[in-house]
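K.L.:
Below you'll find the structure I mean.
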Amino acid sequence: MRIALDYTPAINQIAGVGRYTRSLFAALLNCAPEDTEWLLWHTSRVEEEARLPTGEYVSHSRLPVSARWSNLLWHRVGVPISIERLIGNVSLVHGTDFVVPPSRSPSIVTVHDLSYALMPHLAFPRLRSYLERAVPRSIDRADRVVAVSETTKRDLCEYYEISPNRVDVVHHAADPLFSPPDYSDIMAMLAQLGLRRPYFIIVGTVEPRKNHLTLLRAFERVHAEHPEASLVVVGREGWLAGDIMRALAQAAEKMPVVYLQGIRDSLLPALYAASTALVYPSRYEGFGLPVLEAMASGTAVIASNTPAIVEVAGDAALLAAPEDDETLARAMTRLIEHPEERDELLERGTARAAQFSWDRAANRHLEIYQEIADG
């Protein structure tokens, strides 16, 4: 079997869909029959091709058009040029990032969330416009749709009125990178970044959906009782982030609020583990990968009680309504004042994260590939 997989997000995106694509393909290589051939196609620049995986059965194909033009032609205008005309014949095509191009072969598409449709006021307008056109086209042309959670499957079926039989749920997992670090690694990270404990951490792109402003209000309450505590914000500046970035800067003038961007993946496990807790009050998620990463790294989790996060976290996190800064602050304060509760959450979180596996996800993808190829 020769499988063509869109590897563009793995090259261009550090977190989110990029981490999903890298983790999934690494597991696919580990789990697939040895003679499975992989064609990683992408629209990245030549100098970025050094980031592509290599192997006896792995080949690459850089499309002769940019991401902008391929998206315009395939997903906005709907030009029916099959991807095989650009990459050659394959057994099936997997679109990893919400969309899949026209193809002569069977295809599947992974849909990560429907935030652009269900919370359009929190989405970047151009991206929302693109996804509103591109996702339904891709769903229509794909033989199967992969949803990353039962929540996303339900949203897909309700919003696009598609049959549940066409949608397979395959959960993410924490990358093997995320495991409890050594004490020496934690101390080295604290010294390198100039952080002091106790601190709370939020990880993810700075954008309205992640709800940093509610977290800032909660932290102001915590700081009033525990001025020794810090808040560490990790993530790149995303769309519609102007008000959030200004609020972070203003908060940092009166409270210990630290903003970090460009953090290497290798530092994240120690950043998680050294924290009192990850606080993740997102208004909407298709999955919520930082929740699992934090649990796997060995820290407690406080998160919003939105459906996908409840599905992922189970009983291993403290939950609050996304806009309820008072309940959020009480949970944060509890974990400072009662470290035994944090330790209990940490143990439950470690067990919960272990229930999710990239090898299991890869094997399920391989089953879907075979089912589609057998037609």
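The values are calculated or read from the model by the stated rules, or taken from the named source; none is laboratory data. It should be emphasised that the depicted structure is a prediction, and the values quoted were computed from it without experimental measurement. Virtual Cβ from ideal backbone geometry, glycine too; neighbours counted across all protein chains shown. Only protein heavy atoms, including side chains, enter the accessible area calculation; ligands, DNA and RNA are left aside. Shrake-Rupley method; radii C 1.70, N 1.55, O 1.52, S 1.80 Å.
K.L.:
For the stretch 292-310, which residues satisfy the criterion of being farther than 18 Å from ALA270 by Cα and polar (S, T, N, Q)?
P.N.:
SER304, ASN305, THR306
K.L.:
On to the next question. Considering only residues that are open to solvent by 30 Å² or more (accessible area, probe 1.4 Å) and among the hydrophobic types (A, V, I, L, M, F, W, C), look in the stretch 226-250 and name the one that is farthest from PHE124 (Cα to Cα).
P.N.:
Within the stretch 226-250, the match that is farthest from PHE124 (Cα to Cα) is ALA249.
K.L.:
I want to confirm something. Restricting to the stretch 3-51 and keeping residues that are of a type in the set (Asp, Glu) and open to solvent by 50 Å² or more (accessible area, probe 1.4 Å), which single residue is modelled with the highest pLDDT?
P.N.:
Filtering the stretch 3-51 for residues of a type in the set (Asp, Glu) gives 6, 34-35, 37, 47-49.
Still in the list and also open to solvent by 50 Å² or more (accessible area, probe 1.4 Å): 34-35, 37, 47, 49.
Details: GLU34: 87, ASP35: 88, GLU37: 97, GLU47: 55, GLU49: 61.
So, considering only residues that are of a type in the set (Asp, Glu) and open to solvent by 50 Å² or more (accessible area, probe 1.4 Å), the one modelled with the highest pLDDT is GLU37.
K.L.:
Quick one: count up the residues across the stretch 129-154 that are over 13 Å from HIS75 (Cα atoms) and part of a helix (DSSP H, G or I).
P.N.:
Number satisfying all stated conditions: 5.
K.L.:
Let me spell it out: the conditions are (1) modelled with pLDDT of 90 or more; (2) over 20 Å from the mean Cα position of the chain (by Cα), and GLY55 meets all of them except one. Which number is the exception?
P.N.:
Checking GLY55 against (1) modelled with pLDDT of 90 or more; (2) over 20 Å from the mean Cα position of the chain (by Cα), the one that fails is (1).
K.L.:
So is ALA142 touching a residue at least 24 places away in the same chain (Cβ under 8 Å), in contact with a strand residue (DSSP E or B) (Cβ under 6 Å, 6 or more places away or on another chain) and surrounded by 18 or more Cβ atoms within 10 Å (Cβ to Cβ) or not?
P.N.:
Yes; evaluated as a whole, the condition is true for this residue.
K.L.:
What number goes with the only condition from (1) among the basic types (Lys, Arg); (2) under 15 Å from the mean Cα position of the chain (by Cα); (3) at pLDDT 95 or above that ARG246 does not pass?
P.N.:
So the condition that ARG246 fails would be (2).
K.L.:
Output yes when any residue across the stretch 149-168 is more than 27 Å from TRP358 (Cβ to Cβ) and open to solvent by less than 40 Å² (accessible area, probe 1.4 Å), and no when none is. Steps first, answer last, please.
P.N.:
Taking the stretch 149-168 first, the residues more than 27 Å from TRP358 (Cβ to Cβ) are 158-161, 163.
Those still in the list that are open to solvent by less than 40 Å² (accessible area, probe 1.4 Å) too: none.
The answer is no, given that none of the residues of the stretch 149-168 is more than 27 Å from TRP358 (Cβ to Cβ) and open to solvent by less than 40 Å² (accessible area, probe 1.4 Å).
K.L.:
Provide a single number: the residues in the stretch 272-294 that are touching a strand residue (DSSP E or B) at 6+ places or on another chain (Cβ under 6 Å) and farther than 13 Å from VAL310 by Cβ.
P.N.:
As a first pass, look at the stretch 272-294 and keep what is touching a strand residue (DSSP E or B) at 6+ places or on another chain (Cβ under 6 Å): 275-282, 290-291, 294.
If we keep only those that are farther than 13 Å from VAL310 by Cβ as well, we get 275-279, 281, 290, 294.
Of the residues in that region, 8 qualify.
K.L.:
Now a separate question. Only one of SER70, SER105, SER82 is closer than 30 Å to ARG154 by Cβ and open to solvent by less than 30 Å² (accessible area, probe 1.4 Å). Can you tell me which? So that I can check it myself, show each step before the final result.
P.N.:
Numbers: SER70 fails: closer than 30 Å to ARG154 by Cβ; SER82 fails: closer than 30 Å to ARG154 by Cβ.
So the residue among SER70, SER105, SER82 that is closer than 30 Å to ARG154 by Cβ and open to solvent by less than 30 Å² (accessible area, probe 1.4 Å) is SER105.
K.L.:
Going by what's in this entry, would PHE287 be described as over 30 Å from LEU156 (Cα atoms) and either at pLDDT below 95 or surrounded by 20 or more Cβ atoms within 10 Å (Cβ to Cβ) (or both)?
P.N.:
Taking the combined requirement at face value, the residue does not satisfy it.
K.L.:
Conditions: (1) within 24 Å of the chain's Cα centre (by Cα); (2) farther than 23 Å from GLU293 by Cβ; (3) open to solvent by 20 Å² or more (accessible area, probe 1.4 Å). ARG330 meets all but one. Number of the miss?
P.N.:
Every listed condition holds for ARG330 apart from (1).
K.L.:
Return yes or no: is ARG334 among the charged types (D, E, K, R) and in contact (Cβ under 8 Å) with a residue 60 or more places away in the chain?
P.N.:
Spelling it out, it is not the case that ARG334 is among the charged types (D, E, K, R) and in contact (Cβ under 8 Å) with a residue 60 or more places away in the chain.
K.L.:
Sort through GLY349, GLY286 and tell me the only one that's under 27 Å from ASP168 (Cβ atoms) and not in a helix (DSSP H, G or I).
P.N.:
GLY286
K.L.:
Please go through (1) modelled with pLDDT of 95 or more; (2) closer than 30 Å to GLN355 by Cα for PHE219 and return the number of the only condition it doesn't satisfy.
P.N.:
(2)
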